[in-house]
Amino acid sequence: MATKTAYYLPHKASHPIFGSIGLFTLLAGFSNYLNGSPAGATMMWVGAAILIYMLFGWFGTVIRESVAGEYNDQVDASFRMGMIWFIASEVFFFAAFFGALHYARMYSVPWLGGEGSALGVETHQYLWNTFESVWPTNGPAHIGGKEGGHFEAMSAWGIPAINTLILLSSGGTVTWAHWGLLAGNRGQLIKGLIVTVALGLLFVALQAFEYHEAYTEMGLTLGTGIYGSTFFMLTGFHGLHVTIGAIILAVVLLRSLKGHFSPEHHFAFEAAAWYWHFVDVVWLGLFIFVYWL
Amino acid sequence: MSAAAATHDEHHDHGPARGLMRWVFTTNHKDIGTLYLITALIMFMVGGAMALVIRAELFQPGLQLVDPMFFNSMATLHALIMIFGGVMPAFTGLANWMIPIMIGAPDMALPRLNNWSFWLLPFGFVLLASTLFMEGGGPAAGWTMYPPLVLQTGAALPFTIFSIHILGISSILASINIIVTVFNMRAPGMSLMKLPLFVWTWIITAFLMIAIMPVLAGTVTMLLTDKFFGTSFFNAAGGGDPVLYQHLFWFFGHPEVYVLILPSFGVISQVIPTFARKPLFGYSSMVYATASIGFLSFIVWAHHQYTVGMPIEGELFFTYATMLIAVPTGVKVFNWVSTMWKGAMTFETPMLFAIAFVVLFTMGGFTGLMMSISPADLQYHDTYFIVAHFHYVLVPGAVFALFAATYYWLPKWTGRMYDERLGQLHFWLTAISVNVTFFPQHFLGLAGMPRRIADYAVQFAEFNAWSTVGAFVFGFAQLIFVYVIIKAIRGEGEKANDEVWEGAREHGLEWTLPSPPPYHTWETAPEIH
């Protein structure tokens, strides 16, 4: 499809400004909501609607240009590099939360329990001298949890293990779909994508079920000390990314049904697959460090 | 060669769109570069005005002009605006203008994204500035926003946090664009080791930003959830730790200071060879030194936290790692000096600012080295010594590099020579007043004056008065700079030729283009020798 020799340069971009207005409205609305202003929630929805409108418009334009053959191989390479570095930035976003988990488990909780050098001993002695360093914990003041601050930790070998299998399989099915695309086998491409999206949705559903259990049965909430904080922020942001990834894959599925991709030219598919693998790898980190160890 | 030959298509004209909407919808790297630069200039004025409020209050001991809460807001917003609104957008503007021209590319690789990364900025700043009019005032816990203090912020807290998110997204998108442009859009024959040093320093900077901006976003998100959603990240009672915030923040914050200074190194490495009429001394060592500084910036963060109670192993590691940075930085300083050695030098305004940069930035570097030693830092910590240190690396450092860059490239951008007499006047007023402002702060710090407090003991009065006088001269001297720029934009002054500076053709592709360059450049890739 690479018909043009010159690098494609768009000459007018009307979507970005809507993106800015949308994001601004969304976040100003959220701030007002958090400050208890009644207009906040409405503002948020308006902002979100503008943002969604912008995304449809922007991606729609790019898809139309791609189908029209405006993008040569060099443009394709720009998109690829752009996506790779975008994913790299996402990795660092998760790194902040993994870093917090690591710090809590290796430093702050042991120090509160009196371990380590003079630092830990004194912290323990003067702050909470009855606190024992254990993991999981909701801290010396037993913040959150059920009566008396008790809560149950999430075991790795129930739903999380099943979810690991689901997500790893979905990584396999998306690769299988890619093989179909490369071989010009559209049936395999579409089947592979349908199964991948379905597995993604199943993952999210099971995760929602797990959250429900945590909140209603286990006394485990976002407010359950440092364990609840790290647990829900890590798995929550991951779940959000799985949801986004599934939406991207669903769009790619629709485009596959329309025959947008050829064995040579299918950046959108690969970008979606890379994103999906990234989400997969983050989950492995979560499974090991949040659920298992 | 000329791979992308002029088979150019018919569907676009070659000039800018008409009317004001041109600037809203533009995808042209020069337009976007201009938008960034003008925004940065406005932000410098706003942030500078806040600095003058601070200095006016500190002119004498006692409280005279503003209440301490507002003083703290000014200190906080001055820093946030100068960093995120002044220096970073200014360098991104230079990158937008110059990188495609320097590497022989027709534009930035992702022009629509480029538009968005700029147009996020004004919205981020509106969100931030609006906090000044809210219940409880603007954020006042310092730009580092340490909990638990920052959690006492009033209605401003979520607005401040979300403005940081927006500015962070903008920086990440700009960095992605710069990396992709350099790696995918170079003219044939423009190998990596032929890139102008400004481009090299920007690549490293962009990598740093991709790594640190998301960490800052995550960290301030934790502040938000600690305040509004009951998490315990920074609450020891729940098993967290306020010090965790400091580690996360400075994992961002230390590379961030290199984000501010590496492109300055790049500018200085462009300016000095031009006016010394020699190629840059030790080009490849400059590239490796930049990369080393980039790497080291990730393993020194806790030198900002020596007094917070770290295990002794940590204090030692961060002391030694920090001192290591002096090595690649020294390589750079020696290379700049060697470039000037036996050069046929002339001293136009850009060169004056570049030389002042080398001298004064090095002084800022030395005070940094003093504070890298953790036992010594116990004395300097949170005093005016650190204020003097980072203003020496940021004002006669980063800001002087921006002045040098502006005078150096302004004739290329506008096609008009700036007024050299006014440039020299601006330089001397600025260079003298910056020292009057910040040099006495070293003494204040060593004598024990704490930072971020609106009042002080009487024995500090004299140096503070000097510092305030210097600050006001510095502030008003910048009006000359603004006037010089406005004159050039209005097309007043002598016409500049293509080369602008004698022999500059040897120093970069930008000097082979007309002044000002046409709206689209390098639609056909240039030949690289």
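Could you sort out which of A:12/B:30; B:194/B:495; A:191/A:258; B:412/B:495; A:12/A:258; B:30/B:194 sit more than 21 Å apart by Cα distance in this structure?
Working: A:12/B:30 14 Å; B:194/B:495 30 Å; A:191/A:258 14 Å; B:412/B:495 10 Å; A:12/A:258 27 Å; B:30/B:194 23 Å.
Check vs 21 Å cut-off fails for B:194/B:495; A:12/A:258; B:30/B:194.
Apply 1/(1 + (r/R0)^6) to the Cβ-Cβ distance of residue B:459 and residue A:258, taking R0 = 51 Å, and write down the FRET efficiency to the nearest 0.05. All intermediate terms of the calculation are to be shown ahead of the outcome.
Working: r = 78 Å, r/R0 = 1.52.
Given R0 = 51 Å and the Cβ-Cβ separation, E is 0.05.
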Report task. Give me the angle, in degrees from 0 to 90, between the Cα long axis of helix A:225-257 and the longest principal axis of the Cα atoms of chain A, rounded to the nearest 10. Result -> 10
Query raised in the report: Per residue of the protein assembly as shown, what 222 nm ellipticity follows from adding -39500 (n - 2.57) for every DSSP H run with n ≥ 4, rounded to the nearest 500?
Result: -22500 deg cm²/dmol
Query - Tensor-based shape of the protein assembly as shown (alpha-carbon gyration tensor, a/c under 1.5 rounded, otherwise prolate or oblate) - result: oblate
Query raised in the report: Under a point spin-label approximation (7 Å from Cα along Cα-to-Cβ), what is the residue B:291-residue B:420 distance to one decimal in nm?
Result: 4.0
Requested in this report: State the Cα centre-to-centre distance between segment A:115-141 and segment A:15-67 in whole Å.
Outcome: 45
Report task. Mind giving me the FRET efficiency for residue B:277 and residue B:337? R0 is 22 Å, r the Cβ-Cβ distance, nearest 0.05 is fine. Result -> 0.90
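Counting other C-beta atoms within 10 Å, which of B:421, B:186 has the fewest, and how do the rest follow?
B:421, B:186
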Query raised in the report: Using alpha-carbon positions, what is the distance between the centroids of segment A:184-224 and segment B:409-485, in Å?
Result: 58
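For residue B:193 and residue B:366, what is the calculated FRET efficiency with R₀ set at 30 Å and r taken between the beta-carbons, to the nearest 0.05? Please report the intermediate quantities before stating the final value.
On the way: r = 31 Å, r/R0 = 1.04.
Efficiency at R0 = 30 Å is approximately 0.45.
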Query raised in the report: What size of dipole, in debye to the nearest 20, comes out for the protein assembly as shown about its Cα centre when the only charges are +1 on Lys and Arg C-beta atoms and -1 on Asp and Glu C-beta atoms?
Result: 1320
Query raised in the report: Residues of segment A:246-276 with amide nitrogen under 17 Å from the 7 Å Cα-to-Cβ point of residue A:168?
Result: none
Query raised in the report: To the nearest 10 degrees, how steep is helix A:15-34 against the longest Cα principal axis of chain A, on a 0 to 90 scale?
Result: 20
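Using +1 on the beta carbon of Lys and Arg, -1 on that of Asp and Glu, and nothing else charged, what's the dipole of segment B:21-190 about the Cα centre, debye to 20?
Details: 5 positive and 5 negative charges, 94 e Å.
So the dipole magnitude of segment B:21-190 works out to roughly 440 debye.
Find the relative contact order for segment B:21-190 and round it to a whole percent, using C-alpha pairs within less than 8 Å whose residues are 6+ positions apart. Please list the in-between numbers first.
Values: 232 pairs, mean separation 47.8, N = 170.
In percent, rounded to a whole number, it is 28.
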Query raised in the report: How much length is gained on full extension from residue A:288 to residue A:198, taking 0.36 nm per residue of separation minus their Cα-Cα distance?
Result: 30.0 nm
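Could you work out how much longer the chain between residue A:8 and residue A:213 gets when fully extended? Use 0.36 nm per residue separation minus the Cα distance between them, nm to one decimal. Write out the running numbers ahead of the final one.
Values: separation 205, 0.36 × 205 = 73.80 nm, distance 5.16 nm.
That pair, residue A:8 and residue A:213, stretches by 68.6 nm at full extension.
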Query - Virtual spin-label span in nm between residue A:52 and residue A:127, 7 Å along Cα→Cβ - result: 4.4
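Hey, got a sec? Which GluC sites (Glu not before Pro) in segment B:442-497 land in a DSSP loop and have at most 14 other Cβ atoms within 10 Å? Walk me through the numbers before you get to the answer.
Numbers: sites: B:462, B:492, B:494; in loops: B:492, B:494.
Hits after loop and neighbour filter: B:492, B:494.
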Query raised in the report: With labels modelled as points extended 7 Å from the Cα through the Cβ direction, what inter-label distance (nm, one decimal) is found for residue B:326 paired with residue B:65?
Result: 3.7
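Read-outs: derived from the displayed coordinates by stated rules, not from any lab. Just so it is clear, the structure is predicted and the values come from calculations on it, not from any experiment. Counting neighbours? That spans all protein chains shown, and the Cβs are built from the backbone with ideal geometry, glycine included.
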